[in-house]
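J.: Following this message is one structure expressed as structure tokens.
Rule-based calculations on the coordinates, nothing more; no lab input. Being a predicted model, the structure only gives us computed values, none of them experimental. As a convention, Cβ positions derive from the backbone with ideal geometry for all residues, glycine included, and neighbour counts pool all protein chains shown.
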Amino acid sequence: MERGDATSTRASSATQITIDRDRNQLPRPGPRSWFISAPTSCNTMFSRSLPRLAAPLARQFTTATPNHPVFQLGRLNHVAIAVPDLAKSTAFYKNVLGATDVSESVALPEHGVYTVFVNLGNTKIELLHPHGEKSPIAKFLERNQDGGMHHICIEVDDINAALAKVTEMGVRSLDKKPKIGAHGKPVVFLHPKDCGGVLVELEQA
Ligand SMILES: C[C@@H](C(=O)O)C(=O)SCCNC(=O)CCNC(=O)[C@H](O)C(C)(C)COP(=O)(O)OP(=O)(O)OC[C@H]1O[C@@H](n2cnc3c(N)ncnc32)[C@H](O)[C@@H]1OP(=O)(O)O
């Protein structure tokens, strides 16, 4: 069922949600299931976005207990760009665009990348270059030989709560547990196919 079908199949949606809540479980993860499954934490948002739904259904949502801890989304930490030539791309931001706060190249073998951070003040650009033969960005660079935008990183205040919520809503994370990312803080990556075609990194701020 697509999001636009919600009002026309109101009765079946309500039944589904009630069954899921009563079993204390949510619908199985699957493509786009998080648009329609309305887990308990989104109940207020869901009911606001469909104000014409019957009032008893909205009240039923707001009294339910979330199955996961609550977390807050923060600012955009960085936009990562995979590049075939790290020195050349660093020079572009430094010498052509005039960036003044540019880090040295740092090897992160546990992530299979070298990174350079270009600090713009309001956010950062992370230049990524493959490190080692099993780099997770190698295939990406094979497909995008001039380089390209690889992921975005958004801060959260509680990475475990964020991971629990996205998992509950059917979004695949690429690791079962958070890893320590480029800033020495826990991170998780979310599958680009579940995030509108963009690889999304969440970082605990
Ligand atoms: C240091 C740290 C930090 O900032 O803290 C980092 O940056 S580490 C940065 C490097 N680490 C990571 O990226 C870790 C998470 N990444 C991964 O686990 C992987 O790279 C995946 C995202 C699962 C992709 O894996 P893999 O390349 O083996 O899969 P694949 O080539 O078969 O791709 C599967 C589908 O996803 C798409 N796809 C692959 N990478 C993508 C990306 N970056 N953005 C958007 N779409 C992407 C492909 O086009 C393909 O779509 P089609 O099927 O339609 O063709």
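J.: How far is it, in nm, from the label point at His191 to the one at Asp157 when both lie 7 Å from their Cα along the line to the Cβ?
T.: 3.0 nm
J.: Something else about it: Tell me whether segment 73-204 comes out rounded, prolate or oblate; compute the Cα gyration tensor, take square roots of the eigenvalues as a ≥ b ≥ c, and use a/c under 1.5 as the rounded threshold.
T.: Prolate, because a/c is 1.5 or more and a/b exceeds b/c.
J.: By how many nm would the segment from Asp175 to Glu142 lengthen if fully extended, with 0.36 nm per residue of separation less the alpha-carbon distance?
T.: Contour length minus the Cα-Cα distance gives 9.6 nm.
J.: Are there trypsin sites (Lys or Arg not before Pro) in segment 148-202 that DSSP marks as loop and that have at most 14 other Cβ atoms within 10 Å, and which are they?
T.: Answer in residue order: Arg172, Lys176.
J.: Expressed in nm to one decimal, what extension gain is obtained for the pair Val70 and Ala91 from 0.36 nm per residue of sequence separation less their Cα-Cα distance?
T.: That pair, Val70 and Ala91, stretches by 3.4 nm at full extension.
J.: May I pose another question? Roughly how many debye, to the nearest 20, is the charge dipole of segment 73-204 about its Cα centre, given +1 on each Lys and Arg Cβ, -1 on each Asp and Glu Cβ, and no other charges?
T.: The dipole of segment 73-204 has a size of about 200 debye.
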